[in-house]
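For reference, the structure is listed below as structure tokens.
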């Protein structure tokens, strides 16, 4: 009995693996990598609805959201052509054109794509010149609206961004705003869409802050498809995106994404919109980030 | 000895083996259960650790899963290794392995999570668990969406050694407990059954003859104490019965013995000792062939075997010579096979009864019966109530009654009416007092005839002195009595007249005198002398004279009252004895009748003759003298009557 008890018949336990993905539904999975507008969870909260919306309207295709740790991570994925679809900022879109992605839509209106300087209400600078010797928090060096455009704007205001201010890259839009709130830097630099979102999600903190300046608009974020995808799939995705504004569910989702609509766009438009800015940036700062 | 006997041959072994087995089974069960429980606890802990680790991994990996940061995920899985962790893996929502402690698995798909992934509200799930591995998956949730799974496999790790140690210790403890339990069971059974063993030892000893032994009683009132006292009480009862049986056997006059199936004596009594001339101790255990000559022994053995074959009592009679005094006795032997309760033959029980005395008694009875049958005397045997139980043929011959006609009747019907109650009372009194009565008795025959018997009656008494029987032996003496009567007639009566002679007169005078003296009544004595007789005798001869005398005698007899006597003294003299006289006048009336009767003529052929009487009378007690004197006084008065002219009477004493 004792030996029997010690030698009980044990169930087989442990994972079983297979090389091919399980074809339980027959759906083909595609990933939409959104540039780190928010931290990953927040990004999922906001953009998870978009992928669900697209998946529900694509025949036998499913699109999942893929976040990134930071802009570098996002750009690395793009450079490695891992995601099938991208939602980058304009600068990242300009770079992704070189990786084999093609613009299929613009996420929102171009006028909404502008940098915003957020400061504590009790430390409002009188002018950009007052920022000399101060630290400014940016999401990332490649954040076009939240870093590159504001730095060009400050440079245009006569400030030597590299020499007279300290640039701290904190990884995300929200972190940049919170850094200003905590006083870790004099200015938290972001762009209009994250700032509106922060005011809605963090009203108490936002009440302590105030947007003192904003840059000129450029062109909004792009929706890109990898160039090896079936053209009919790309067309389906593009059609769904552009038609969102025409139906209630789509409009509700656009409101949640805090963009007015998806607009038609192509590679040429983005190359053209970015080239002048990038040239100025190189001219002022020596090299693109 | 078989294994079964070795293990269960005795109660002590049964108890020890039983308790040890129960203890071993229970210990094995308990320890096994304990080990299993402990292993279950370890496994539960292992599963809980896996759960905790999976949750932690799911939480910590959420951002990396969302970003599919494979490098970060790889760091998580590689850094999460700890004791007992077999694998860590992070899986996307489709089942693709994003990171694994085994990098080779990255990019593969798990094939066993389809159902889990398809759940609408996934939660931490134990995919499998055994002591070696707990496989747990926790969903990676972000913004309310399952974006992936953290799957953890936790092995025994440190628990493996602990579990093995628990199992090993459990086995060792069980074995030690079984050994200790067996020893304790043996000691316990030995302690419990020690007194039973002592009872058994006593029982064996008693079975082998040590009947005085008893089980020790320590006064405890437990079951064994009760059994011991009951056992002793049973032995006491058996001993009591054995003593009774022994006393009975030894007291029996019969020879009693018991032999086993081999013919060895197991028991014998003093009566049998006489056969062998040996004491019981020298007989028991031996066979007849060791005690008797071969032919006798063979004979006895044959009868023993015959009883065994018959399956029941077998009888035989034989003469046996007693070794102690050489006497020969005739015995009837009954041999009976003896069986135990299960019907197995134990031996033969023998009882021999000495019938020598009875045999001789029977011969005597046969002889007595012959005497009884051929005896000429009648024999009547009655019981104490005088009811006839046997008569012999002579009785029938004498009385005419057949045996069947008298059996059961009292002997009173044989008595003659001649014997009154006084006679019979005297007979019974004599029998009661002296036990015997002899005498003559008149018996009434079947047809009313009477026989004079010479009878001897003896009363038989038992040892207590109580009369049990009467034996009456009688001889018919009727002829002898007739002869006696004839002789009496000759001796006491006058041959001519038949009247009492002088001898008989003397007796009757004496009797009447005594009676008169007792009764105060008068007794008259009258002496008669015939007047004129001599001339007749002389003239007509003696024959005529005799005829006159016979006629006068007859006339005198007719004149007398009952009880009176007339006797002839001789010649022509007669005497009258007048008894119970009221007075002299009563006598005078008689005498007047006598005078008248005598004076009547008598015809003698062609002659008519007449005589008269001269009577002298005396009356006692007026004449209060002796009987002889009374006769002389009457004689004197007769002469005065003669003198007075004859044919008259005179009273003695009158002028």
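Each value in this text was obtained by applying a stated rule to the coordinates, not by laboratory testing. Keep in mind that what you see is a predicted model, and the values were worked out from it rather than measured. Neighbour counts run over all protein chains shown; Cβ positions are idealised from the backbone, glycine included.
Tabulated data
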read-out	value
Rh by Kirkwood over Cα pairs, then Stokes-Einstein D for the stretch B:31-171 at 1.306 mPa s and 10 °C, µm²/s	103 µm²/s
Alpha carbon Rg of chain B, scaled by the compact-globule rule 2.2 N^0.38 Å	2.66
Distance between the stretch B:530-553 and the stretch B:37-54 - C-alpha centres, whole angstrom	179 Å
Rel. contact order, % - alpha carbon contacts under 8 angstrom, at least six apart, the stretch B:87-140	21 percent
More than 18 angstrom apart: percent of Cα pairs within the stretch B:538-592	40 percent
Sequence of B:481, A:77 once ranked by neighbouring C-beta atoms within 10 Å, starting from the fewest	B:481, A:77
Peptide-level mean, for A:65-75, of C-beta atoms on other protein chains within 10 Å	4
Calculated log₁₀ intensity ratio I(q)/I(0) where the Debye formula runs over C-alpha points of the stretch B:171-231, q = 0.14, 0.24, 0.27 Å⁻¹	-0.53, -0.92, -1.04
Relative contact order (percent, whole number), chain B, Cα cutoff 8 Å, 6+ residue spacing	6 percent
Helix-only CD estimate at 222 nm, as mean residue ellipticity for the protein assembly as shown, using -39500 (n - 2.57) per DSSP H run (n ≥ 4)	-15000 deg cm²/dmol
Peptide B:170-182, shielding by other chains (average Cβ, 10 Å cutoff)	1
DSSP-defined antiparallel bridges as percent of all bridges, the protein assembly as shown, nearest 5	90 percent
Largest-first principal axis extents of the Cα set of the stretch B:4-108 (Å)	81, 23, 23
Burial ordering of A:94, B:428, fewest other beta-carbon atoms within 10 Å first	B:428, A:94
Cβ-based exposure ranking for B:413, B:372, B:300, in which fewest neighbours within 10 Å come first	B:413, B:372, B:300
Alpha carbon centroid spacing (whole Å) that separates the stretch A:38-74 from the stretch A:163-230	20 Å
Compactness relative to 2.2 N^0.38 Å, alpha carbon Rg of the protein assembly as shown	2.81
For B:19-31, mean number of other protein chain Cβ atoms within 10 Å	1
Rounded to 10°, Cα long-axis angle of helix A:40-57 versus longest principal axis of chain A	60 degrees
Angle between chain B longest axis and helix B:533-559 axis [Cα atoms, degrees, rounded to 10]	40 degrees
